[in-house]
1. Tell me which residues, restricted to region 17-70, are over 23 Å from ASP83 (Cα atoms) and touching a residue at least 40 places away in the same chain (Cβ under 8 Å).
2. Kindly evaluate LYS193 against the criterion of being loosely packed, with under 14 Cβ neighbours inside 10 Å and of a type in the set (Lys, Arg).
3. Would you mind finding the one in LEU229, LEU220, LEU250 that is surrounded by 19 or more Cβ atoms within 10 Å (Cβ to Cβ), within 13 Å of LEU146 (Cβ to Cβ) and modelled with pLDDT of 85 or more?
4. Examine region 228-235 for a residue that is part of a loop (DSSP other than H, G, I, E, B) and either in the same structural domain as LYS167 (by TED's automatic domain parsing) or under 18 Å from LYS157 (Cα atoms) (or both), and state whether such a residue exists.
5. Within region 35-85, count every residue that is of a type in the set (Gly, Ala, Ser), closer than 14 Å to TYR24 by Cβ and assigned to a loop (DSSP other than H, G, I, E, B).
6. Just for region 57-103: of the residues that are within 33 Å of the chain's Cα centre (by Cα) and among the β-branched types (Val, Ile, Thr), which one is farthest from VAL23 (Cα to Cα)?
7. Taking the options LYS70, LYS88, LYS109, LYS80, name whichever one is at pLDDT below 85, among the basic types (Lys, Arg) and under 30 Å from LEU220 (Cβ atoms).
8. Mind telling me which of the residues LEU182, LEU106, LEU163, LEU137 ends up being surrounded by fewer than 17 Cβ atoms within 10 Å (Cβ to Cβ), within 20 Å of the chain's Cα centre (by Cα) and closer than 26 Å to LYS256 by Cα?
Amino acid sequence: MFMKCMESQIFEKIGMTKGETKVYLSLLKLGECTITPLVRDSKVSKSKVYDLLVKLVDKGLAGYIIKEKKRIFRASDPIKLIDYLEKKEKEFLIEKKEVEKLMPFLRSKAQEMMEKQRAIIYEGINGYETIREELLLELQAGEQLLVIGAPVLANIKYDKRLLEFHKKREKKKVGMKIIYNLNARKFAERRKKLRLTKVKFMHENVITPSWIEIFRKSILIGVISEDYLFCFIIQDQRVANSFKSYFNLLWKLAKK
């Protein structure tokens with residue numbers, strides 16, 4: 001039973017439906033057969049078996065011959081599964097190239113929309129990750145992401161996911177200066193080990209549940225509690241410049 005379950009999962013991973021998998025495995029088991037024993041063994045209704053057989057034939061995984069005016073079905077040599085996967089791989093590469101051709105147009109439209117939407121709110125860790133990666137596109141190699149405040153709760157709940165962002169940031173050669181809440185020192189020490197990263201600390205009596213991330217022409221203000229995570233995006237060059245000045249002042253006052 002376990003092996004049968006594993007087989008089904010593998011076939012589904014390569015793009016076959018549960019029905020196709022059942023019929024294909026029954027064909028392998030029965031050899032040449034008519035519809036009736038195939039329906040009985042696969043436990044798929046007769047009305048659906050015909051459609052599934054057509055799909056398997058189209059994929060090159062099954063075939064049939066005519067004997068005494070009856071269609072006799074059989075599974076193709078299992079090596080055809082490799083042919084099927086290679087065909088899918090070629091189709092995927094073609095589709096990928098087509099999407100890549102569209103990317104400059106799609107990115108320009110997305111950028112136009114973001115520039116029109118000067119203020120946007122995102123909710124949850126997935127929303128935060130998505131917009132943060134989009135904002136990272138503003139920064140080029142050699143530039144810096146500036147962060148004011150790093151709540152300990154955000155690091156406790158999402159440390160691994162936050163580190164994934166830093167891997168992408170480092171790959172792009174974008175630096176970071178971050179001023180941590182003092183109670184998040186454990187996580188700050190880990191950030192010190194990252195390349196292109198400088199860390200300082202707020203004073204002891206300054207503990208914040210929020211933080212500010214300053215990109216080239218946008219800022220992200222995040223707020224977190226046990227029950228929610230919100231981030232508020234402002235896209236305005238003048239606002240971003242004013243927060244950079246604010247950051248530089250705090251950086252001079254922050255503790256190493």
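The values are calculated or read from the model by the stated rules, or taken from the named source; none is laboratory data. Since we're looking at a predicted model, the values are computed, not measured. Every residue, glycine as well, gets a Cβ built from its backbone with ideal geometry; the counts of neighbours run over all protein chains shown.
1. Matches in region 17-70: CYS33 only.
2. Against the criterion (loosely packed, with under 14 Cβ neighbours inside 10 Å and of a type in the set (Lys, Arg)), LYS193 qualifies.
3. None of the others qualify; the one that does is LEU220.
4. Yes, that holds for at least one residue.
5. Of the residues in region 35-85, 2 are of a type in the set (Gly, Ala, Ser), closer than 14 Å to TYR24 by Cβ and assigned to a loop (DSSP other than H, G, I, E, B).
6. Step by step, filter region 57-103, then rank; the result is VAL99.
7. Step by step, each of LYS70, LYS88, LYS109, LYS80 is checked, and only LYS109 is at pLDDT below 85, among the basic types (Lys, Arg) and under 30 Å from LEU220 (Cβ atoms).
8. LEU163
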